[in-house]
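Coordinate-derived values only; no laboratory data. The model shown is predicted, which means the values in this text are computed figures rather than measured ones. Note: ideal-geometry Cβ built from the backbone for every residue, glycine included; neighbour counts use all protein chains shown.
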Amino acid sequence: MVIKHNNLVIRDATALDAHILCKWWNDGKVMAHAGFPNGLGTTDEEIIKQLSNDNDEIHRRLIIEHAGIPIGEMNYRNKGNETAEIGIKICDFSKQEKGYGTKLLSMLINSLFTDMGYKKIILDTNVKNTRAQHVYEKLGFKKLRVNENAWKDQLGEYQTSIDYELNKVDFKKKIFKCIIFKIKLIQDHLKII
């Protein structure tokens with residue numbers, strides 16, 4: 001998979017990406033939201049082995065690039081019944097809070113619906129990750145449930161998660177509404193001139 005939009009690229013992770021993935025996965029600051037505040041303690045070799053099992057039908061890890069530089073990762077997993085589960089981490093903190101997450105998720109979701117034939121996308125996030133919740137809901141994801149004290153993180157502290165889902169029809173409606181809104185903004189701007 002390779003998806004491009006302006007200076008953003010989503011591409012399949014390869015063995016050549018093992019070193020950067022290892023750096024991110026072993027960084028507790030990057031991995032804290034996923035329950036690993038001490039990092040994963042993995043190696044390049046272990047990651048290369050994991051990547052060798054990736055395929056489009058079951059599970060695929062993806063690298064996010066901005067202007068040709070890796071800044072994070074995404075993934076999708078086939079859950080059956082035309083449903084994909086996705087995840088995203090912008091690991092370069094200097095690239096967060098710039099709107100890239102929304103754009104990248106839109107790019108991946110559109111490809112999963114349009115190119116790969118999925119009908120539903122699911123994901124979950126930590127209840128403390130309010131920034132992610134805002135992005136997911138802006139894209140049209142519906143909150144299904146809150147899972148109180150659903151799991152323990154690496155330090156043994158209970159964590160609460162939120163499950164979300166998005167179907168193809170709702171996503172396309174959301175995109176259409178955004179396009180109409182942008183057209184109206186342009187029309188209003190032209191009236192001023």
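Taking a Cβ cut-off of under 11 Å around TYR100, the surrounding Lys, Arg, Asp and Glu residues balance to a net charge of 0, with basic ones at +1 and acidic ones at -1. Here the simple spin-label model places points 7 Å from the Cα toward Cβ, and for ASN129 and THR42 these points are separated by 1.5 nm. Between amide H atoms placed 1.01 Å from N, distances below 5 Å from CYS91 occur with GLY72, GLU73, all of them 5 or more places distant or on a separate chain.
Here's how it looks for LEU139: its modeled amide H is under 5 Å from none belonging to a residue 5 or more places away or on a different chain. Selection among SER161, ILE90, SER111 by position relative to the dipole of the stretch 2-192 gives SER111 as farthest towards the positive end (Cβ unit charges, Cα centre).
Across the stretch 65-72, computed HN-Hα scalar couplings (Karplus, 6.51 cos²θ - 1.76 cosθ + 1.60, θ = phi - 60°) run 10, 10, 6, x, 10, x, 10, x Hz from first to last residue, x flagging Gly and Pro. Here the Karplus relation 6.51 cos²θ - 1.76 cosθ + 1.60, evaluated at θ = phi - 60°, turns the backbone of the stretch 6-18 into coupling constants of 6, 9, 9, 9, 10, 9, 4, 6, 10, 4, 5, 8, 4 Hz, with x for every Gly and Pro.
Phi-derived couplings, Karplus 6.51 cos²θ - 1.76 cosθ + 1.60 at θ = phi - 60°, listed residue by residue for the stretch 91-105: 8, 7, 4, 6, 9, 7, 6, 10, x, 5, x, 4, 5, 5, 4 Hz, with x used for Gly and Pro. For the residue pair ASN147 and ILE183, what label-to-label distance in nm results when each label sits 7 Å from Cα along the Cα-to-beta-carbon direction? It works out to 4.1 nm between the two label points. The length gained on full extension between GLU82 and SER94, counted as 0.36 nm times the residue separation minus their Cα-Cα distance, comes to 0.8 nm.
Working from label points 7 Å from Cα in the Cα-to-Cβ sense, the ARG11 to ILE122 distance is 3.2 nm. Using R0 = 35 Å, the C-beta based FRET efficiency linking VAL169 and LYS191 works out to 0.60. For the chain, a simple Cβ point-charge model (Lys and Arg +1, Asp and Glu -1, everything else neutral) yields a dipole of about 1120 debye relative to the Cα centre. Taking Lys and Arg as +1 and Asp and Glu as -1, the other residues whose beta-carbon sits under 9 Å from that of LYS142 total -2.
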